Amino acid sequence: MIRFDNFKLDKDGDSNEIYLDLKKDIDEYTIQKEHKKYIEELSKILNISNQIIDLKFKRLIYNDFNLNTANFNNKYNFFKILSQFLFFLFFLCFIKIFGKNNFVQKKFDIIVDEVDGIGQFNKFYKIITKFKNPIIFTKNKNVQREVNNQGIVAVRYNRIIPSKVLLKKKFFTIISFYLQIFLKNLKIKENYFIYYLRILLSAIKNKTLFSKAISEIVLQDRFYINCPIKNFFFKKGGGKKIISCQNHLAESGICFYSDIDVLFSFGNEKKSEKKLRIFGSRIGGSLPVGSLQMERRYYIESKKKLNESSEIDLLIIGITPPHLNTSNKIHDGYYKYLKWIKDFSEENPEIKILYKHHASFAGDLKEEEIFKSSNVKILLKGNTYSYFKKSKVLVSFGSTMILEGLSLKKKCFFADPD
């Protein structure tokens, strides 16, 4: 039986090929006799098709992959798996006793889902105002409060008492199924129990949500976090289309095992759609809408947040490269690119160069060493689009702002050493 306990990805070679190898390993792991049997059993228990549970299972495995160490986080640990099993028993008993039998389902014009911050809400604000009766799904109490203050309904999905409908006449069947997996994991000293538990938790959460609120459309930021279990219960509850927005280039590492009806893409191209399918995603189609982030941050917010009065000759747009350490070639190329910037600034001291970091940049000692005593001005805070507007030339290792700048006929370039 294939195991991930000692899995180690080879970081040499092309990054896309590395990810294709990873997908091949996950697919082979999932089609093993053991997992095919469990997925089929769980499909019957929850009354969800094999294909949906299979896609969710693969996605959960991929989510467990550590991009920095190039192996999987979920190592076998007796106390960890025991605590997971005890949590499962407690949670199931809690729902059995306190869970709700019925919700009064309210109909809305549109659901905007997974709104983790107020910035995401603002990104969709113009769309939201086109609908008479929208609702926001969030787990952030500050988002809920802000949205409610604007007269829009918001639900904190992590605060809703769960539905017990999925447990009806199946309570002991579910316990028996998960006990079987738990004991098997103890025997072979592996922990895939957690993946099957997360499938159940996702089913209960989404069954609850869409029993409470439904619309024909769910709009969701970040195509790479879409969930097939959510899509299933949304449509079972009366919904029609889950729409995800493209807010990143279609890097290989964020194309794995999504489930999308419609992708709102940056432009009129099909390569992003094709790449999602290559990496195991189900996608119904795409519709070019441009960049919602640019609409908000460039056309609206940048007008009032520019502190840089003079023009910038060269703007370096920083990124937070989540997949930087997956490939040695990408890792080495990135720091070579930073050295290019420093060398260029030293050779051209009259050129005003501004290096604007991504908002989530957490610091980089290697970068600090490269730019030590250079004349490149480095900024950590502020709206990048404000500087973008005042720049003559833009360069980045992998920011979507290069595409956005090209749409404005700006001189924009990706830098790709080797």
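Computed values, structure above
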| item | result |
| --- | --- |
| Projected area averaged over orientations for segment 32-149, convex hull of C-alpha atoms, nm² | 11.8 |
| Interchain or long-range residues, amide H under 5 Å from S286's placed H | L263 |
| Cross-link table K37/K207; K356/K410; K336/K381; K106/K139; K141/K212, entries beyond 21 Å C-alpha to C-alpha | K37/K207; K336/K381 |
| Amide N proximity, segment 32-51 versus K170 label position 7 Å along Cα-to-Cβ, cut-off under 15 Å | 38-51 |
| With all protein chains modelled, accessible area of C93 [1.4 Å, Å²] | 60 |
| Cα shape, segment 101-152, gyration tensor, a/c 1.5 rule | oblate |
| Cα-based convex hull volume of segment 199-268 per residue, rounded to whole Å³ | 84 |
| 5 angstrom amide H check on K106, placed H, neighbours 5+ away | A213, I214 |
| Label point 7 Å beyond Cα of N73 along Cβ direction - residues of segment 8-43 with amide nitrogen under 18 Å | 8-9 |
| Solvent accessible area, Å² - I316, 1.4 Å probe, full protein context | 0 |
| Rounded, prolate or oblate (a/c below 1.5 giving rounded, otherwise prolate when a/b exceeds b/c) for segment 49-93 by Cα gyration tensor | oblate |
| Equivalent ellipsoid semi-axes - Cα gyration tensor, segment 1-85, angstrom | 25, 18, 11 |
| At q = 0.13, 0.14 Å⁻¹, base-10 log of I(q)/I(0) for segment 138-282 (Debye sum, equal scatterers on each alpha carbon) | -0.77, -0.87 |
| ³J(HN,Hα) computed for each position of segment 329-334 - Karplus, 6.51 cos²θ - 1.76 cosθ + 1.60, integer Hz, glycine/proline x | 5, 5, 4, 5, x, 5 |
| Under the Karplus curve 6.51 cos²θ - 1.76 cosθ + 1.60, θ = phi - 60°, whole-Hz ³J(HN,Hα) for segment 165-172, x wherever Gly or Pro sits | 4, 5, 8, 4, 6, 10, 4, 6 |
| When segment 195-349 is reduced to its Cα atoms, the Kirkwood hydrodynamic radius in Å | 18.7 |
| Accessible carbon and sulfur surface of the chain relative to its total accessible area, %, 1.4 Å | 55 |
| Separation of the S360 and K96 label points, Cα + 7 Å toward Cβ, nm | 4.0 |
| K187-V289 FRET efficiency (beta carbon distance; Förster radius 56 Å; 0.05 resolution) | 0.65 |
| Extended-chain gain in nm, criterion 0.36 nm per residue less alpha-carbon gap, I160 and K236 | 25.4 nm |
| For q = 0.13, 0.16 Å⁻¹, Debye-computed log10 I/I(0) when each Cα of segment 270-418 counts as one equal scatterer | -0.67, -0.97 |
| Solvent-accessible area per residue for the chain (1.4 angstrom probe, square angstrom) | 49 |
| Over the chain: helical MRE at 222 nm, DSSP H runs n ≥ 4 each giving -39500 (n - 2.57), nearest 500 | -13500 deg cm²/dmol |
| Long-range HN-HN contacts of I378 with modeled amide H, under 5 Å | Y355 |
| Rounded accessible area of K342 (nearest 10 Å², 1.4 Å probe) | 50 |
| Fluctuation leader among L89, L338, L365 - the chain, Gaussian network, Cα springs under 10 angstrom | L365 |
| At 0.890 mPa s and 25 °C, Stokes diffusion of segment 1-48 via Kirkwood alpha-carbon radius, µm² per second | 195 |
| In sequence order, calculated HN-Hα J values of segment 239-248 (Karplus, 6.51, -1.76, 1.60; Hz; x Gly/Pro) | x, 10, 9, 9, 10, 10, 9, 7, 10, 9 |
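The values are calculated or read from the model by the stated rules, or taken from the named source; none is laboratory data. Please read all numbers here as calculations on a predicted model, not as lab measurements. Methodologically, a virtual Cβ is constructed for each residue, glycine included, from the backbone with ideal geometry; neighbour enumeration extends over all protein chains shown. Surface accessibility is based on the protein's heavy atoms, side chains included, excluding ligands, DNA and RNA. Shrake-Rupley method; radii C 1.70, N 1.55, O 1.52, S 1.80 Å.
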